[in-house]
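Beneath this line is the structure, given in structure tokens, with notes to follow.
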Amino acid sequence: MTRYLTEDDLLDAIPRLTRQRLRALIEADILAPMESEQGRLFRRLDRARAALACDLADDFDLHEDALSMMLSLIDQLHGVRAELRAVLQALEAEPEDVRRRVSETLWAARRGW
């Protein structure tokens, strides 16, 4: 598989994605293709976002503004999960007593919610 997809490749890969819908997703900044001499190029991430956007639009009757908000929230969630993984990896590198104190502090904080 090549690193980038052309517009036609993307349309072929996602049956529910039409050229008109693709233009709307780009105009709504849901997709941000790269411009090249060959035309617009899309990453695998763009393919996944386009497929998800089609699913959400069709299954829940969402329009571009709602899709944009939904995908923004999903992006934020992925960012938070990546940060949490980094914190957990850093914590794993700490001595046992540090990990235990952090764990106890977290449990105490959660009980306070």
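Considering segment 52-70, and only residues there that are among the hydrophobic types (A, V, I, L, M, F, W, C) and over 13 Å from ASP29 (Cα atoms), the residue that is surrounded by the fewest Cβ atoms within 10 Å (Cβ to Cβ) turns out to be PHE60. Give me the pairs: first residue in segment 88-105 and on the phi > 0 side of the Ramachandran plot and of a type in the set (A, V, I, L, M), second residue assigned to a helix (DSSP H, G or I) and surrounded by 10 or more Cβ atoms within 10 Å (Cβ to Cβ), beta-carbon distance under 6 Å, and six or more apart or on different chains, which are they? Sorted first by the residue in segment 88-105, then by its partner, the list stays empty. Return yes when GLU104 is within 25 Å of ILE30 (Cα to Cα), out of contact with any Pro (no Cβ under 6 Å at 6 or more places or on another chain) and surrounded by 10 or more Cβ atoms within 10 Å (Cβ to Cβ) and no when it is not. Considered against the rule, which asks whether it is within 25 Å of ILE30 (Cα to Cα), out of contact with any Pro (no Cβ under 6 Å at 6 or more places or on another chain) and surrounded by 10 or more Cβ atoms within 10 Å (Cβ to Cβ), GLU104 comes out as no.
Hey, among the residues in segment 71-101 that are among the hydrophobic types (A, V, I, L, M, F, W, C) and more than 30 Å from GLU27 (Cβ to Cβ), which one's farthest from the chain's Cα centre (by Cα)?
Going through segment 71-101, the residues among the hydrophobic types (A, V, I, L, M, F, W, C) turn out to be 71, 73-74, 77, 80, 82, 84, 86-88, 90-91, 93, 98.
Pick out the ones that are also more than 30 Å from GLU27 (Cβ to Cβ) and you get 84, 86-88, 90-91, 93, 98.
Values: LEU84: 16, ALA86: 18, VAL87: 20, LEU88: 21, ALA90: 24, LEU91: 26, ALA93: 28, VAL98: 33 Å.
Ranking the qualifying residues of segment 71-101, first place goes to VAL98.
With the requirement that a residue be loosely packed, with under 12 Cβ neighbours inside 10 Å and either β-branched (Val, Ile, Thr) or within 12 Å of CYS54 (Cα to Cα) (or both), what does segment 1-11 give you?
The initial filter retains those residues of segment 1-11 that are loosely packed, with under 12 Cβ neighbours inside 10 Å, namely 1-3, 8.
The one that is loosely packed, with under 12 Cβ neighbours inside 10 Å and either β-branched (Val, Ile, Thr) or within 12 Å of CYS54 (Cα to Cα) (or both): THR2.
Across segment 12-32, the qualifying residues are those that are buried (at least 17 other Cβ atoms within 10 Å of the Cβ) and without any contact (Cβ under 8 Å) to a residue 24 or more places away in the chain, and the one among them that is nearest to ARG47 (Cα to Cα) is LEU31.
Coordinate-derived values only; no laboratory data. Note that the coordinates shown come from a computational prediction; the quantities given were computed from them, not determined experimentally. Methodologically, a virtual Cβ is constructed for each residue, glycine included, from the backbone with ideal geometry; neighbour enumeration extends over all protein chains shown.
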